[in-house]
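This report refers to the structure that appears directly beneath it.
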Amino acid sequence: MAPSHHKYWKLFAVLLVVATVILSTACTGKKSAEATKTEATGPVPMDSETELEETAAPEVTETEAETTEVETTAAETTAAATAVTESEDAATTTGAEEPEVYWVFESTSLENEKITHTKLADYKVTLVNVWATYCPPCLEEMPYLAQAAREYADKEVGFMGIVSDISENEPDQALLDIANQMISDAGIEFTNILASDSIIHSILAGVQAVPTTFFMDSKGNLIGKVIVGSMTLEQMREHIELALAEVAQP
């Protein structure tokens, strides 16, 4: 091959590599955009403006309502909240019984009422729903929460919401107005509390996306499954019944 032709072939090879890199980058960007659009229909990260730390993904089961049921124990869910119990070290001893985990918290409701963990003792089971004002799936399941609360009002089942993006220390009035409007539109009558320091340390430390729903017994122990994502009314009924059956066991 003539030297001049060889030079042209080298130039063509370089241009081909550059074009391949550009096309590859464009496809990656398109795929990311599509992934973001898909994720928006599921649970929303706790802080939408902050990239979450990478953690090992738990084994999950997806339901028709894009809900994730995470098989977990009380100790696993509150592993980040070391202040909740002083007996965690006992669980590390071989053969030692797992300590009871009790959510200890104090906060203020949207009605400016002081609420503590002792409220859990009023019911056999309490459904605790963590949500945020920026979360479309949270808004989607609110009417179902309102309906479920009415259905179980006389069955010793309590409901409590935690507005994760409104700080008790510095509540934003605009967010308070949005939260109250969302609750009013959904017909919710149960208590919703703000993110106090103790709520952040004992509960929100283990939450990475909203909505997240916990089921607690009268002593504050986690029972049943932790639900990440919005639920239908039927799903709520199913999990409440499972929780009631669990606390009824001797």
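Can you tell me which residues in region 154-185 are over 20 Å from Glu111 (Cα atoms) and out of contact with any Ser or Thr (no Cβ under 8 Å at 6 or more places or on another chain)?
Within region 154-185, Asp154, Lys155, Glu156 meet the criteria.
Quick check on this structure: which one of Thr232, Thr213 is within 16 Å of Leu120 (Cα to Cα), modelled with pLDDT of 95 or more and not small (Gly, Ala, Ser)?
Thr213
If we keep just the residues of region 130-164 that are assigned to a strand (DSSP E or B) and free of Cβ contacts under 8 Å to residues at least 40 places away in the same chain, which is farthest from Gln208 (Cα to Cα)?
Within region 130-164, the match that is farthest from Gln208 (Cα to Cα) is Gly158.
Being buried (at least 21 other Cβ atoms within 10 Å of the Cβ) and closer than 13 Å to Phe215 by Cα is the filter here; which residues of region 102-122 pass it?
Result: Trp103, Leu120.
Are any residues in region 227-238 surrounded by fewer than 22 Cβ atoms within 10 Å (Cβ to Cβ) and in contact with a Phe, Trp or Tyr (Cβ under 8 Å, 6 or more places away or on another chain), and if so, which ones? Before you say what the answer is, go through the steps one by one.
The first filter runs over region 227-238 and keeps only residues surrounded by fewer than 22 Cβ atoms within 10 Å (Cβ to Cβ), leaving 232-235, 237-238.
Answer for region 227-238, where residues must be surrounded by fewer than 22 Cβ atoms within 10 Å (Cβ to Cβ) and in contact with a Phe, Trp or Tyr (Cβ under 8 Å, 6 or more places away or on another chain): Thr232, Leu233.
Can you spot a residue in region 200-221 that is surrounded by fewer than 15 Cβ atoms within 10 Å (Cβ to Cβ), in the same structural domain as Pro136 (by TED's automatic domain parsing) and closer than 21 Å to Thr108 by Cα?
Scanning region 200-221 turns up at least one residue that is surrounded by fewer than 15 Cβ atoms within 10 Å (Cβ to Cβ), in the same structural domain as Pro136 (by TED's automatic domain parsing) and closer than 21 Å to Thr108 by Cα.
Output yes when any residue across region 123-144 is over 18 Å from Arg237 (Cβ atoms), surrounded by 15 or more Cβ atoms within 10 Å (Cβ to Cβ), in contact with a strand residue (DSSP E or B) (Cβ under 7 Å, 6 or more places away or on another chain) and of a type in the set (A, V, I, L, M), and no when none is.
yes
The values are calculated or read from the model by the stated rules, or taken from the named source; none is laboratory data. A quick note: this is a predicted structure, and the numbers were derived from the prediction, not measured. Methodologically, a virtual Cβ is constructed for each residue, glycine included, from the backbone with ideal geometry; neighbour enumeration extends over all protein chains shown.
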